[in-house]
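Colleague: First the structure, which I've put down as structure tokens, then a few questions once you've had a look.
The values are calculated or read from the model by the stated rules, or taken from the named source; none is laboratory data. If you're wondering where the values come from, they're calculated on a predicted model, not measured in any experiment. We place every Cβ from the backbone using ideal geometry, glycine too, and count neighbours over all the protein chains shown.
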């Protein structure tokens, strides 16, 4: 796994594993409660498809590593004695922060090729044309009600997350780093961490009905 | 607020906007944007920039010719810095937060060129051409809340004393790929008009939008005797946790964003004198937003003047947040609220105090700009006159 950095974007990354994410989180004063990556073992050969998302591994990769990390967070909390719950597992407001150095280049290239050929674009490409769509999938699936952000660098992501937690926009954040291999699909990788901050709300304050007004 | 939603906090510092720059179908410059919007004449016209023969819809709000995104964003950033009376040395110490869809060259780049392209390289190029700092750059690609999220992050950082000044810019210029995608998604208004909150609305239309603002601590602005366009009084961002691309039908997430922004500003809903709504003109999005306003503002939702200036300049995607904040600030300063164009008749699901007919002459002390995006992402920004 390689890491590319530049002075202008400290922590900017093409491919970054959980170790890099964890180090960046700690540097920003955040604690990591769960993590995941793709691939993790030799059995991680085919990224599981994600219904409604086509022609690119960008969104399926995000969904896979995020799902793994969120499952491990839930597992860890059950081991600590917290009951399993469906909605917002424990009342925590969790932000979703996606980090990508290039975005969904596979989808973008396919759309461009179809446009240049004067062909129609499949409607599903409209829905996956921004990284927010898979973030929305994750939010709905896991009841994550915090802000949704997509930025290009790890350090800006961690700095933004630290402020979101400090300012009570979120109790925790799911941070997913993803980038497709730029040539021919080799090197498609993703990693995820779930972080908390020292200023998050106490557990006792998290429970209760969603206050919409 | 107790329970599942935390009470919004913020740092103690006051945050102001000291400069603005823009480009839109109304022309280059923030003043051209304001005068165009206040004319009440929508800027939509047949697309001439590229062929639309295979598309269902053939209309957008675009500047003449084929402007270059990098050139236009850099120009808007320079205009904002000029407006803020920011000298070269100050620009060189100001980081750039840029909101874009991505590097426009990447989709058609040869494999060998790809590593040198991308949002970071594009952001660095904008900063370089604008004389801004080469460090601390950020690129936001969070769809239609990109720029508003960047502004909120800049404000939060400045309020906490982590930065004195950030230049936030965003840019979208109507191009064939997004046009094809939106056309394929059948969300473009086939009747050639955007009609937010109106009966008979048919959808959105894309528009050129480039904007930049200088966000600064009040202390920094005061120390250099800079002009203040507006105070950035409050901000909020939330997620719906409802659907990949549809908003929560009751606007619960957007309501929480509005509430957080008002909490940070120390305001009640009735203190708002104008709301520049997200108002995409889409059948499902507008009722959700109206519901959000009733949830968050209570009875004030029936009296605060509301318009969506997307009905005039179009949907500028990632740049919407900064373009519409500029419109909101400048309109409030001018004491003229833009009309909600394209209105055909009342939709009972969108009962709001819409600005109809002509621009409304009134000077709001506080105004709010709303944005929502795919993923159920929501933002609210509250500005106050200095």
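Colleague: Report, by residue number, each residue of the stretch A:142-183 that is facing another protein chain (nearest Cβ under 7 Å), within 17 Å of residue B:162 (Cα to Cα), touching a residue at least 24 places away in the same chain (Cβ under 8 Å) and in contact with a helix residue (DSSP H, G or I) (Cβ under 8 Å, 6 or more places away or on another chain).
Modeller: A:160, the sole residue that qualifies.
Colleague: Across the stretch A:154-213, what is the total count of residues that are part of a loop (DSSP other than H, G, I, E, B) and modelled with pLDDT under 70? Break it down stepwise before answering.
Modeller: Taking the stretch A:154-213 as the starting set, the residues that turn out to be part of a loop (DSSP other than H, G, I, E, B) are A:167-171, A:180-188, A:197-202, A:206-213.
Checking which are modelled with pLDDT under 70 leaves us with A:182-186, A:199-202, A:207-213.
Going through the stretch A:154-213 one residue at a time, the tally reaches 16.
Colleague: Return only the number of the condition from (1) in a loop (DSSP other than H, G, I, E, B); (2) buried (at least 19 other Cβ atoms within 10 Å of the Cβ) that residue B:81 does not satisfy.
Modeller: Status for residue B:81: all satisfied but (1).
Colleague: Can I ask one more? Would you please name the residue that is nearest to residue B:333 (Cα to Cα), looking only at residues in the stretch B:266-288 that are surrounded by fewer than 21 Cβ atoms within 10 Å (Cβ to Cβ) and touching a strand residue (DSSP E or B) at 6+ places or on another chain (Cβ under 9 Å)? Before the answer, list the steps.
Modeller: Step one: of the stretch B:266-288, the residues surrounded by fewer than 21 Cβ atoms within 10 Å (Cβ to Cβ) are B:266-268, B:270-271, B:273, B:283-284, B:287.
Next, only the ones that are touching a strand residue (DSSP E or B) at 6+ places or on another chain (Cβ under 9 Å) stay: B:266-267, B:271, B:273.
On the way: B:266: 21, B:267: 19, B:271: 16, B:273: 12 Å.
The residue in question is B:273.
Colleague: Also, quick follow-up: Could you list, in sequence order, the residues of the stretch B:183-199 that are within 14 Å of another protein chain (Cβ to nearest Cβ) and either within 18 Å of the chain's Cα centre (by Cα) or free of Cβ contacts under 8 Å to residues at least 40 places away in the same chain (or both)? Step through it out loud before you land on a result.
Modeller: First pass over the stretch B:183-199, keeping only residues within 14 Å of another protein chain (Cβ to nearest Cβ): B:183-188.
Hits for the stretch B:183-199 are B:184, B:185.
Residue-wise test of (1) within 14 Å of another protein chain (Cβ to nearest Cβ); (2) under 16 Å from the mean Cα position of the chain (by Cα); (3) on the phi < 0 side of the Ramachandran plot.
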| site | (1), (2), (3) |
| --- | --- |
| B:216 | no, no, yes |
| B:228 | no, no, yes |
| B:244 | yes, no, yes |
| B:254 | yes, yes, yes |
| B:267 | no, no, yes |
| B:276 | no, yes, yes |
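Colleague: So which of B:218, B:225, B:246 is touching a strand residue (DSSP E or B) at 6+ places or on another chain (Cβ under 8 Å) and surrounded by fewer than 24 Cβ atoms within 10 Å (Cβ to Cβ)?
Modeller: Details: B:225 fails: touching a strand residue (DSSP E or B) at 6+ places or on another chain (Cβ under 8 Å); B:246 fails: touching a strand residue (DSSP E or B) at 6+ places or on another chain (Cβ under 8 Å).
Every option except B:218 fails the conditions.
Colleague: What's the total number of residues in the stretch B:98-135 that are assigned to a loop (DSSP other than H, G, I, E, B) and either facing chain A (nearest Cβ under 9 Å) or surrounded by fewer than 24 Cβ atoms within 10 Å (Cβ to Cβ) (or both)?
Modeller: First, pick out the residues of the stretch B:98-135 that are assigned to a loop (DSSP other than H, G, I, E, B): B:100-105, B:109-110, B:117-118, B:131-135.
In the following step, the residues that additionally are either facing chain A (nearest Cβ under 9 Å) or surrounded by fewer than 24 Cβ atoms within 10 Å (Cβ to Cβ) (or both) were identified as B:101-105, B:109-110, B:117-118, B:131, B:133-135.
Result for the stretch B:98-135: 13.
Colleague: Here is a further query. Does residue A:139 satisfy being modelled with pLDDT of 95 or more, closer than 13 Å to residue A:53 by Cβ and buried (at least 23 other Cβ atoms within 10 Å of the Cβ)? Before the answer, list the steps.
Modeller: Working: modelled with pLDDT of 95 or more: yes; closer than 13 Å to residue A:53 by Cβ: no; buried (at least 23 other Cβ atoms within 10 Å of the Cβ): yes.
Criteria not met by residue A:139.
Colleague: For the condition more than 7 Å from chain A (Cβ to nearest Cβ) and either within 21 Å of the chain's Cα centre (by Cα) or at pLDDT 95 or above (or both), what is the one hit in B:138, B:202? Spell out how you get there, then give the answer.
Modeller: On the way: B:138 fails: more than 7 Å from chain A (Cβ to nearest Cβ).
Every option except B:202 fails the conditions.
Colleague: Hey, another quick one. Go over the candidates B:51, B:36 one by one and state the one that is within 14 Å of another protein chain (Cβ to nearest Cβ) and at negative phi. Lay out the reasoning, then the answer.
Modeller: On the way: B:36 fails: within 14 Å of another protein chain (Cβ to nearest Cβ).
Step by step, each of B:51, B:36 is checked, and only B:51 is within 14 Å of another protein chain (Cβ to nearest Cβ) and at negative phi.
Colleague: Based on this model, can you work out whether residue B:262 counts as outside any strand (DSSP E or B), touching a helix residue (DSSP H, G or I) at 6+ places or on another chain (Cβ under 8 Å) and closer than 23 Å to residue A:98 by Cα?
Modeller: Details: outside any strand (DSSP E or B): yes; touching a helix residue (DSSP H, G or I) at 6+ places or on another chain (Cβ under 8 Å): yes; closer than 23 Å to residue A:98 by Cα: no.
Spelling it out, it is not the case that residue B:262 is outside any strand (DSSP E or B), touching a helix residue (DSSP H, G or I) at 6+ places or on another chain (Cβ under 8 Å) and closer than 23 Å to residue A:98 by Cα.
Colleague: Just the residues that are under 30 Å from residue B:13 (Cβ atoms), assigned to a helix (DSSP H, G or I) and either at pLDDT below 95 or within 12 Å of chain A (Cβ to nearest Cβ) (or both), please, taken from the stretch B:148-182. Break it down into steps so the answer makes sense when it comes.
Modeller: Kept after step one, since they are under 30 Å from residue B:13 (Cβ atoms), are these residues of the stretch B:148-182: B:148-171.
Now restrict to residues that are assigned to a helix (DSSP H, G or I): B:148-159.
B:148, B:149, B:150, B:152, B:153, B:154, B:155, B:156, B:157, B:158, B:159, listed by residue number.
Colleague: Right, another one. Taking the condition of being in contact (Cβ under 8 Å) with a residue 60 or more places away in the chain and surrounded by fewer than 23 Cβ atoms within 10 Å (Cβ to Cβ), how many residues in the stretch A:104-124 meet it?
Modeller: Residues of the stretch A:104-124 in contact (Cβ under 8 Å) with a residue 60 or more places away in the chain: A:104-106, A:122, A:124.
From the residues that got through so far, the ones that are surrounded by fewer than 23 Cβ atoms within 10 Å (Cβ to Cβ) too are A:106, A:122, A:124.
Number of matching residues: 3.
Colleague: Output the number of the condition that residue A:145 fails; it satisfies all remaining conditions of (1) within 13 Å of the chain's Cα centre (by Cα); (2) assigned to a loop (DSSP other than H, G, I, E, B).
Modeller: Unmet for residue A:145, out of (1) within 13 Å of the chain's Cα centre (by Cα); (2) assigned to a loop (DSSP other than H, G, I, E, B): (1).
Colleague: May I ask you to say which residue of B:359, B:316 is at pLDDT 95 or above and buried (at least 24 other Cβ atoms within 10 Å of the Cβ)? Reasoning before the result, please.
Modeller: Values: B:359 fails: buried (at least 24 other Cβ atoms within 10 Å of the Cβ).
So the residue among B:359, B:316 that is at pLDDT 95 or above and buried (at least 24 other Cβ atoms within 10 Å of the Cβ) is B:316.
Colleague: What is the residue count in the stretch A:123-141 for residues that are assigned to a loop (DSSP other than H, G, I, E, B) and either within 13 Å of the chain's Cα centre (by Cα) or within 7 Å of chain B (Cβ to nearest Cβ) (or both)?
Modeller: Here the count works out to 3.
Colleague: Within the stretch A:101-121, can you find the residues that are in contact with a helix residue (DSSP H, G or I) (Cβ under 8 Å, 6 or more places away or on another chain) and more than 7 Å from every other protein chain (Cβ to nearest Cβ)? Lay out the reasoning, then the answer.
Modeller: Step one: of the stretch A:101-121, the residues in contact with a helix residue (DSSP H, G or I) (Cβ under 8 Å, 6 or more places away or on another chain) are A:101-112, A:114-116, A:120-121.
The answer is A:104, A:106, A:107, A:110, A:114, A:116.
Colleague: Taking the conditions exactly as written (surrounded by fewer than 22 Cβ atoms within 10 Å (Cβ to Cβ) and under 30 Å from residue B:19 (Cβ atoms)), does residue B:263 satisfy them or not? Steps first, please.
Modeller: Working: surrounded by fewer than 22 Cβ atoms within 10 Å (Cβ to Cβ): yes; under 30 Å from residue B:19 (Cβ atoms): yes.
Yes; evaluated as a whole, the condition is true for this residue.
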